[in-house]
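So the structure is just underneath, and the comments pick up after that.
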Amino acid sequence: MLEIRKELESIKEKGLFRNIKYLNQPQDTQTKIGNKDVLLLASNNYLSLANDERLKRAACAAIEDYGVGSGGSQLTTGSYAIHKQLEEKIAAFKDTEASIIYNTGYMANVGTIQAMADKNSIIFSDELNHASIIDGCRLSGAEVIVYKHCDSRDLENKLKKYSKPHSLIVTDGVFSMDGDLAPLDVISELAEKYACYLMVDDAHATGILGAQGTGTAEYFNIKDKVDIQLGTLSKSLGAEGGFVAGKQELIAYLKNKARSFIFSTSLSPVILAAALQAVEIVEAEPWRREILLENAAWFTDQLDKLGFIVKKNNPPTPIIPLLVGEASKAASFSKLLFEEGIFIPAIRPPSVPEGYSRLRISLMTNHTREQLQEALEKLNLLGKKLRVI
Ligand SMILES: *Cc1c(COP(=O)(O)O)cnc(C)c1O
C-alpha cells in the first residue's frame, strides 16, 4: 500500500502539489477568484457560451419542465425526451446516423474504449493522447501499442508489425496540451488499409474546426472515415457531458456495453437543455469560431515576437502552449501572473512530460484585443523577470 503522508510529501518536494482556486463569478474573460479580479486566459469555454443568456434561459426552462436530478441511469428511469432530442441533434450536427450521450468526455472515452476492446485486442494510441484515452485503454485490458506523436510513419510501421483486423487506432483530433492536429487524412487511410477502426477524440475541435465547426473529420474532409467521433459538451459548448457519434450499429452496441454509460446516473435535463441550445448557436454563429481563431493566431505571433517558446499551430486552435520547462518555474510564472490579475494555471507533470511544464494559454471568443494586449505586456515583464525570455 502507498502511505498517504509520504506520497503527499513527495508530491510537494517535486513542486507538483496543487491548490485549487475557486471562482465566485461566471466563467468569462473577466472573473473573480476570492476577492481578486482576474483576466481568465486558460479556459476551455472557447466560444464564451458557458455564461450565455440563451443557455441560461434554456437551462431554467428545463428545470420548469423536468425538475433537477435525472433519477436514474439512461437504461433505467433516467432517460428523458430531451436526451433523445440532444442525441438526434448531435448526430445531425456531426452528420452521422446516431449518437450516445455520456456524463463527461472522460467517461465517454473510458466507456467506449473498454467496450471496443478486450484482452485479445490491439489498440494503437498516440503518445500524447488524453489521460481518459489512456485510462480507457488500460481498463480494456488490450495490448496497447503507443506510436510517436502525430507520426504516421511510425504508426504504419507498428500497424505492419502488430495489427490484426478490427484493431483500434485512437487519437486526439486536437491535442489538449499542444493544440496541434493529428494528421487524420493519412491516419484514416492507414485505418482503411489495415482494416482498423478509427476513433478520434474531438474534445477541443468540436465547435471550432471545419467549415460547419463540427471538428477535425470535417476539417480534413474525411467525415465518413472516422468510425467513432467523440466530443464533449463541456468545452466549446459551454455545458457538461460527452458524446460519441457514429453509425447506428456502433451506438446501439455502446448503449448495451459501455459500463460508464450503464452504471451512472444520466446527466440532468437541465444541462442537456443548455447543450442543445449551444449546438444551435454553433450552427448559427460561425463568427464565434472565426474571431477566436483569428485572435489565437495573432496572440501566438505576438508571443513569438516577444521571444517566448510558443507552438505555432497551423491551422490555429484556441490552445496556445507557452513552454517554460521546469515545473517549479512554470508554477512561479503562474503565481506572479495571478498577482498581476491574470489567471493561467501552470500545467505540470503528470499532465505533460517532465521538463515540458508550461502555461497553457487558451482564448475565448469574448476576449477583446485590449484584454489580450494587457496580458501580453504583463507576460513580457514577468517573462523577463523570470528569465523565461
Ligand atoms: C477535456 C478532455 C476530455 C474529457 O472531457 P470532459 O468532458 O472534461 O470529461 C477528453 N479528451 C480530451 C482530449 C480532453 O481534452
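Taking the Cα centre of segment 217-260 as the origin, how large is its charge dipole in debye, to the nearest 20, when only Lys and Arg (+1) and Asp and Glu (-1) carry charge on their Cβ atoms?
160
Over what distance in Å are the Cα centres of segment 228-268 and segment 273-342 separated?
The distance from the Cα centre of segment 228-268 to that of segment 273-342 comes to 27 Å.
Please go through the residue pairs K305/K385; K12/K32; K21/K335 and name each one whose alpha carbons sit more than 20 Å apart in this structure.
With Cα atoms farther than 20 Å apart: K12/K32.
Once both labels are modelled 7 Å past Cα along the beta-carbon direction, what's the E88-N120 spacing in nm?
Going by the 7 Å Cα→Cβ label model, 3.9 nm.
What net charge do the residues around K235 carry, taking every other residue with its C-beta under 12 Å from that of K235, with Lys and Arg at +1 and Asp and Glu at -1?
-3
If you take the charge dipole of segment 1-105 about its Cα centre, with +1 on Lys and Arg Cβ and -1 on Asp and Glu Cβ, which of G69, S43, I90 is farthest toward its positive end?
S43
Within segment 180-337, what percent of beta bridges assigned by DSSP are antiparallel, to the nearest 5?
Here the share of antiparallel DSSP bridges comes out near 60 percent.
Which FRET efficiency value, to the nearest 0.05, is calculated for K247 and D185 with the Förster distance at 30 angstrom and r the Cβ-Cβ distance?
The formula returns an efficiency of 0.90 here.
Give me the dipole magnitude in Debye, nearest 20, for the chain about the Cα centre, with unit charges on the beta carbon: positive for Lys and Arg, negative for Asp and Glu.
Using Cβ point charges on Lys, Arg, Asp and Glu, the chain gives about 1060 debye.
When the dipole is taken about the Cα centre of segment 1-143, and only Lys, Arg (+1) and Asp, Glu (-1) are charged at their Cβ, what size is it in debye, to the nearest 20?
Around 520 debye, computed over segment 1-143.
Which one, P349, Q373, L359, is farthest towards the positive end of the dipole of segment 341-381 when Lys and Arg carry +1 and Asp and Glu -1 on their Cβ?
Final value for the positive-end residue is P349.
Among H83, H130, which comes first, second and so on when ranked by fewest other beta-carbon atoms within 10 Å?
Starting with the residue having the fewest Cβ neighbours, the order is H83, H130.
Report, ordered by chain and residue number, the aspartates and glutamates lying within cross-link reach of K36, taken as a straight Cα distance under 20 Å and ignoring same-chain residues fewer than 8 apart.
Within reach: D28, E339, E340, E370, E374, E377.
Which value in deg cm²/dmol, rounded to the nearest 500, describes the helix-derived mean residue ellipticity at 222 nm for the chain, given -39,500 (n - 2.57) per DSSP H run of n ≥ 4 and division by the residue count?
Mean residue ellipticity, 222 nm, calculated: -13000 deg cm²/dmol.
What does the charge count around E97 come to, taking other residues whose C-beta lies under 9 Å from its C-beta (Lys +1, Arg +1, Asp -1, Glu -1)?
Result for the neighbourhood of E97: 0.
Can you tell me what the convex hull of the Cα atoms of the chain projects to on average, as an area in nm²?
Seen from a random direction, the Cα hull of the chain projects 19.8 nm² on average.
Suppose we take every Cα in segment 8-62 and form the convex hull; what volume per residue is that in Å³?
Normalising the Cα hull of segment 8-62 by residue number yields 133 Å³.
Could you give the spread of the C-alpha atoms of segment 1-149 along their three principal axes, from largest to smallest, in whole angstroms?
48, 48, 32
At q = 0.10 Å⁻¹, what is the log10 ratio I(q)/I(0) for segment 262-389, with the Debye formula run over Cα points and no solvent?
Calculated log10 I(q)/I(0) at the listed q: -0.41.
Just tell me which lysines come within less than 17 Å, Cα to Cα, of K247; anything on the same chain fewer than 8 places away is out.
K84, K89, K94, K223, K225, K255, K257
Using a Förster radius of 25 Å, what is the FRET efficiency between I262 and Q25 based on their Cβ-Cβ separation? Nearest 0.05, please.
0.10
How much length is gained on full extension from L336 to A284, taking 0.36 nm per residue of separation minus their Cα-Cα distance?
In short, 14.8 nm is gained.
FYI, it's all coordinate maths here, none of it is from the lab. The model shown is predicted, which means the values in this text are computed figures rather than measured ones. Backbone-built Cβ (ideal geometry, glycine too); neighbour counts: all protein chains shown.
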